[in-house]
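Asks: Take this structure first; my questions come after.
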Amino acid sequence: MRETTIRCAGLVAALALAGAVLAIAQQGAPEVTYHDLLDGLKDPTRWLTYSGDYSGQRHSPLKQITPENARRLAAQWTFQTETTARGRGFEATPLILDGVLYVTGPNNYAWALDARTGKMFWRYRRDLPADLTYGASAPVNRGFGVLGDKLFMVTLDAHLLALDIKTGSVVWDTVLGDYRIGYSATMAPLVVKDKVIVGISGGDYPTRGFLDAYDPQSGKRIWRFYTVPGAGEPGSETWPTSTEVLARGGGGTWVTGSYDPELNTLYWGTGNPNPDYYGEDRKGDNLYTASLIAVDADTGKLKWYYQFTPHDLHDWDSNHVPVLADLTIGGRRQKVVFVANRNGFFYALDRVTGTVLFGKPFTDTTWARALGPDGHPVVLNDGSKGCLPDQWGGTNFMPPSFDPALRLFFVTARETCATYTPEKQVVVPGRGSTMGTVQRDANKAYGALRAIDATTGERRWEFKYQSPTFAGLLSTASGLVFGGDNEGNFMAFDSRTGQNLWHYQIGSAIWGGSPMTYMLDGRQYVIIGAGTTITTFALPGQ
């Protein structure tokens, strides 16, 4: 009797899910155009790219939730995802279109959910190989891209998929790289015009980083830019002449970049050189690792680059979301790209030329406190004069936010103390090749939400966290910043002062994920993923 009851219940659930999928299919595909992506957040019922729009600002125009009423926020629904990334977090930003949320999760799960109730319309789960390499150590995913009636998603075995937005079924499947030597993919694809732009993970393994563009209809590759040049190519002079070293030089591209449609330029961060901590076999600056690259979106050709940390020995990737803005710096109206970097410096660069406008520390790092005439940090402490920031850096991949009205850049900062011990090892394909160890002093570690004046690089305020955190950020035009901490508190702050206005104990560390907000039926919702759960919040209904 018990077995029959369970089978009947399962059949009912399956029929209900099939009915929900059929309902979406019968409504017709919500076709997303490139014009929709260009519009960004003009329609606040939509959030169609990882950062909300191409600028990377993560700043919503919504104003219903304010500093005055934020204390009244209440949970509306939760969705249990049935999957988790051990030692990591729920790192995806959901997309929303026509009242449906599209969200990816750890271990290459994905769902379509009713944005009003959390009801599941469909679920996708990839059948992953048992011999994953880097993908097994970081089994995360940061979200979908969308165009037409397709969703685009990368996988832990280094594939790019197109899913039918109505049903979640696979339309096409393209290989990015060989997962068996260390490649994986975790970032949210960025759709630009008629191309799906994707990056690659695995820079802690003997791999060579790249940035790709694919045809959204067929999955055919259009162009590829290698972040470590080949022998004889520009930049190769910053490496040893060994082709073997170049072929495993690292430089992953695992965080979604930004795009300037007027300049037709992609701005993308690159990761650490490989091996991470042992540099004797890769002497030189090691271009184009630990850099920001500006790439022509049509051709994949490099326009300019800026390297934040030449010859990095601390795993200080530049895998950050570049933030684009037009504002006055030094008395001149400038087209700017901002980066708060792992090395502890906040940078403003001319996004047309790559010229450094300024770079100032936003952490208390003793590694360097100023840039030299060449635009690179002047190293004061190589580790021989005390501890350095740990390998997670002064911040990490968790997205920042920028309020253009206040001209404030918000970043999750990390203050840590670590000692590095490099160690030469044999390089083996498919195995990690960091070549060294890092020892942290937990008693000297804390985190902070910091507001930086984007015109000068000076700190304006901070809110300290108990421990270093990986929570991404969201700001709104009403004067709020949403963030969180490693202790599981989801919080709202006053953008102008940093005052903590509200918090909710979500039950898991907010690790890598960023809040997102949308308007539906006249109500503003805020959504966050943490642990195994997705939770939405809103003001009490009228």
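The values are calculated or read from the model by the stated rules, or taken from the named source; none is laboratory data. The model shown is predicted, which means the values in this text are computed figures rather than measured ones. In this analysis, Cβ positions are derived from the backbone assuming ideal geometry, glycine residues included, and neighbour counts consider all displayed protein chains.
Asks: Among residues belonging to the stretch 73-83 that are modelled with pLDDT under 95 and within 25 Å of S51 (Cβ to Cβ), point out the one that is surrounded by the most Cβ atoms within 10 Å (Cβ to Cβ).
Replies: Selected residue: T81.
Asks: Report, by residue number, each residue of the stretch 396-412 that is among the aliphatic types (A, V, I, L, M) and either modelled with pLDDT under 95 or buried (at least 24 other Cβ atoms within 10 Å of the Cβ) (or both).
Replies: Kept after step one, since they are among the aliphatic types (A, V, I, L, M), are these residues of the stretch 396-412: 398, 405-406, 408, 411.
Within the stretch 396-412, M398, V411 meet the criteria.
Asks: Then there is this: Could you say whether any residue in the stretch 413-423 is in contact with a Ser or Thr (Cβ under 9 Å, 6 or more places away or on another chain), surrounded by fewer than 17 Cβ atoms within 10 Å (Cβ to Cβ) and at positive phi?
Replies: no
Asks: Please specify each residue of the stretch 120-151 satisfying the condition of being within 17 Å of V191 (Cβ to Cβ) and either touching a strand residue (DSSP E or B) at 6+ places or on another chain (Cβ under 6 Å) or not in a loop (DSSP other than H, G, I, E, B) (or both). I'd like the intermediate steps shown before the answer.
Replies: Taking the stretch 120-151 as the starting set, the residues that turn out to be within 17 Å of V191 (Cβ to Cβ) are 141-151.
Matches in the stretch 120-151: N141, G143, F144, G145, V146, L147, G148, K150, L151.
Asks: If you don't mind, there's one more thing I want to ask. Within the stretch 469-484, take every residue that is surrounded by fewer than 24 Cβ atoms within 10 Å (Cβ to Cβ) and either over 28 Å from K42 (Cα atoms) or small (G, A, S) (or both) and give me the one that is nearest to the chain's Cα centre (by Cα). It would help to see each step written out before you state the result.
Replies: Filtering the stretch 469-484 for residues surrounded by fewer than 24 Cβ atoms within 10 Å (Cβ to Cβ) gives 470, 473, 477-479.
Filter once more, keeping what is either over 28 Å from K42 (Cα atoms) or small (G, A, S) (or both): 470, 477-479.
Working: F470: 11, A477: 22, S478: 24, G479: 23 Å.
In this case the residue turns out to be F470.
Asks: Please tell me if T517 is in contact with a strand residue (DSSP E or B) (Cβ under 8 Å, 6 or more places away or on another chain), surrounded by fewer than 20 Cβ atoms within 10 Å (Cβ to Cβ) and β-branched (V, I, T). Break it down into steps so the answer makes sense when it comes.
Replies: Values: in contact with a strand residue (DSSP E or B) (Cβ under 8 Å, 6 or more places away or on another chain): yes; surrounded by fewer than 20 Cβ atoms within 10 Å (Cβ to Cβ): no; β-branched (V, I, T): yes.
No; evaluated as a whole, the condition is false for this residue.
Asks: Does D276 count as part of a loop (DSSP other than H, G, I, E, B), of a type in the set (D, E, K, R) and buried (at least 23 other Cβ atoms within 10 Å of the Cβ)?
Replies: Criteria met by D276.
Asks: So, in the stretch 71-107, exactly how many residues are closer than 25 Å to V321 by Cα and of a type outside the set (S, T, Y)?
Replies: Let us first name the residues in the stretch 71-107 that are closer than 25 Å to V321 by Cα, namely 84-97, 101-107.
Still in the list and also of a type outside the set (S, T, Y): 85-92, 94-97, 101, 103, 105-107.
So the answer is 17.
Asks: Report yes if some residue within the stretch 121-140 is in contact with a Ser or Thr (Cβ under 7 Å, 6 or more places away or on another chain) and under 21 Å from T517 (Cβ atoms); otherwise report no.
Replies: no
Asks: For the stretch 126-149, give me each residue that is of a type in the set (K, R) and either crowded, with 23+ Cβ neighbours inside 10 Å or more than 22 Å from the chain's Cα centre (by Cα) (or both).
Replies: As a first pass, look at the stretch 126-149 and keep what is of a type in the set (K, R): 126, 142.
If the condition is that a residue be of a type in the set (K, R) and either crowded, with 23+ Cβ neighbours inside 10 Å or more than 22 Å from the chain's Cα centre (by Cα) (or both), then R142 is the only one that fits.
Residues checked against (1) crowded, with 20+ Cβ neighbours inside 10 Å; (2) part of a loop (DSSP other than H, G, I, E, B); (3) at pLDDT below 95; (4) over 20 Å from the mean Cα position of the chain (by Cα):
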{"residue": "A348", "(1), (2), (3), (4)": "yes, no, no, no"}
{"residue": "G354", "(1), (2), (3), (4)": "no, yes, no, yes"}
{"residue": "G359", "(1), (2), (3), (4)": "yes, no, no, yes"}
{"residue": "T363", "(1), (2), (3), (4)": "yes, yes, no, yes"}
{"residue": "D374", "(1), (2), (3), (4)": "no, yes, yes, yes"}
{"residue": "S384", "(1), (2), (3), (4)": "no, yes, yes, yes"}
{"residue": "G394", "(1), (2), (3), (4)": "yes, yes, no, no"}
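Asks: Suppose we keep only residues that are buried (at least 22 other Cβ atoms within 10 Å of the Cβ) and of a type in the set (A, V, I, L, M, F, W, C) within the stretch 520-529. Which one would you say is farthest from the chain's Cα centre (by Cα)? Show your work before the answer.
Replies: Start the filter on the stretch 520-529 by keeping residues that are buried (at least 22 other Cβ atoms within 10 Å of the Cβ), which leaves 525-529.
Subsequent filtering for residues that are of a type in the set (A, V, I, L, M, F, W, C) retains 526-528.
Working: V526: 18, I527: 16, I528: 14 Å.
The selected residue is V526.
Asks: All but one of (1) surrounded by fewer than 16 Cβ atoms within 10 Å (Cβ to Cβ); (2) touching a Leu at 6+ places or on another chain (Cβ under 8 Å); (3) not β-branched (V, I, T) hold for S495; state the number of the condition that does not hold.
Replies: (1)
Asks: Are any residues in the stretch 358-381 under 21 Å from K444 (Cβ atoms) and without any contact (Cβ under 8 Å) to a residue 12 or more places away in the chain, and if so, which ones? Before the answer, list the steps.
Replies: Filtering the stretch 358-381 down to residues under 21 Å from K444 (Cβ atoms) leaves 361-369, 379-381.
Within the stretch 358-381, just R369 meets the criteria.
Asks: Tell me the strands (runs of 3 or more DSSP E) entirely within the stretch 409-476 that contain at least 1 residues that are aliphatic (A, V, I, L, M).
Replies: Numbers: elements: 418-422, 436-440, 446-453, 459-465, 474-476.
Output list reads 418-422, 436-440, 446-453, 474-476.
Asks: Count, please, the residues in the stretch 500-527 that happen to be charged (D, E, K, R) and either without any contact (Cβ under 8 Å) to a residue 40 or more places away in the chain or outside any loop (DSSP other than H, G, I, E, B) (or both). I'd like the intermediate steps shown before the answer.
Replies: Going through the stretch 500-527, the residues charged (D, E, K, R) turn out to be 521, 523.
Then drop every residue that is not either without any contact (Cβ under 8 Å) to a residue 40 or more places away in the chain or outside any loop (DSSP other than H, G, I, E, B) (or both), which leaves 523.
Residues meeting the conditions: 1.
Asks: Which one is surrounded by the fewest Cβ atoms within 10 Å (Cβ to Cβ), of the residues in the stretch 95-119 that are among the aromatic types (F, W, Y) and within 16 Å of D164 (Cβ to Cβ)? Can you show your working first?
Replies: Applying the first criterion (among the aromatic types (F, W, Y)) to the stretch 95-119 yields 102, 109, 111.
The next check asks that each one be within 16 Å of D164 (Cβ to Cβ); those that pass are 102, 111.
Numbers: Y102: 26, W111: 21.
Result: W111.
Asks: Anything in the stretch 240-273 that is surrounded by fewer than 24 Cβ atoms within 10 Å (Cβ to Cβ), in contact with a helix residue (DSSP H, G or I) (Cβ under 9 Å, 6 or more places away or on another chain) and assigned to a loop (DSSP other than H, G, I, E, B)? List them, or say none.
Replies: P240, S242, R248, P261
Asks: Here is a follow-up. If P216 passes every condition in (1) touching an Asp or Glu at 6+ places or on another chain (Cβ under 8 Å); (2) crowded, with 16+ Cβ neighbours inside 10 Å; (3) under 23 Å from S433 (Cβ atoms) but one, which one does it miss?
Replies: Among (1) touching an Asp or Glu at 6+ places or on another chain (Cβ under 8 Å); (2) crowded, with 16+ Cβ neighbours inside 10 Å; (3) under 23 Å from S433 (Cβ atoms), the lone unmet condition for P216 is (3).
Asks: Please work out which residue is nearest to V146 (Cα to Cα), limiting yourself to the stretch 38-63 and to residues that are in a loop (DSSP other than H, G, I, E, B), charged (D, E, K, R) and over 14 Å from the mean Cα position of the chain (by Cα).
Replies: Looking only at the stretch 38-63, we keep the residues that are in a loop (DSSP other than H, G, I, E, B), and these are 40-46, 48-58, 61-63.
This time we only want the ones that are charged (D, E, K, R), so: 42-43, 46, 53, 58, 63.
So of that shortlist, the ones also over 14 Å from the mean Cα position of the chain (by Cα) come out as 42-43, 46, 63.
Details: K42: 17, D43: 16, R46: 12, K63: 26 Å.
Only one residue fits best here, namely R46.
Asks: Which number in (1) modelled with pLDDT of 95 or more; (2) closer than 14 Å to S508 by Cβ marks the one condition that R86 misses?
Replies: Among (1) modelled with pLDDT of 95 or more; (2) closer than 14 Å to S508 by Cβ, R86 violates only (1).
Asks: Right, here's the next one. Just to be sure I understand the filter: pairs with C-beta atoms under 6 Å, separated by 6 or more residues or on different chains, first member in the stretch 46-62 and free of Cβ contacts under 8 Å to residues at least 40 places away in the same chain and charged (D, E, K, R), second member crowded, with 22+ Cβ neighbours inside 10 Å and part of a loop (DSSP other than H, G, I, E, B). Which pairs pass?
Replies: From residues that are free of Cβ contacts under 8 Å to residues at least 40 places away in the same chain and charged (D, E, K, R), the pairs are D53/L41.
Asks: Do the conditions hold for T117, that is, is it over 27 Å from P400 (Cβ atoms), touching a residue at least 24 places away in the same chain (Cβ under 8 Å), touching a Lys or Arg at 6+ places or on another chain (Cβ under 8 Å) and polar (S, T, N, Q)?
Replies: Details: over 27 Å from P400 (Cβ atoms): yes; touching a residue at least 24 places away in the same chain (Cβ under 8 Å): yes; touching a Lys or Arg at 6+ places or on another chain (Cβ under 8 Å): no; polar (S, T, N, Q): yes.
Spelling it out, it is not the case that T117 is over 27 Å from P400 (Cβ atoms), touching a residue at least 24 places away in the same chain (Cβ under 8 Å), touching a Lys or Arg at 6+ places or on another chain (Cβ under 8 Å) and polar (S, T, N, Q).
Asks: Do you know which of the residues in the stretch 152-198 that are part of a strand (DSSP E or B) and among the acidic types (D, E) is nearest to N274 (Cα to Cα)?
Replies: Initial filter on the stretch 152-198 (part of a strand (DSSP E or B)): 152-154, 159-164, 170-175, 184, 190-192, 195-198.
Those still in the list that are among the acidic types (D, E) too: 164, 173.
Working: D164: 37, D173: 29 Å.
Among those residues, the one meeting the criterion is D173.
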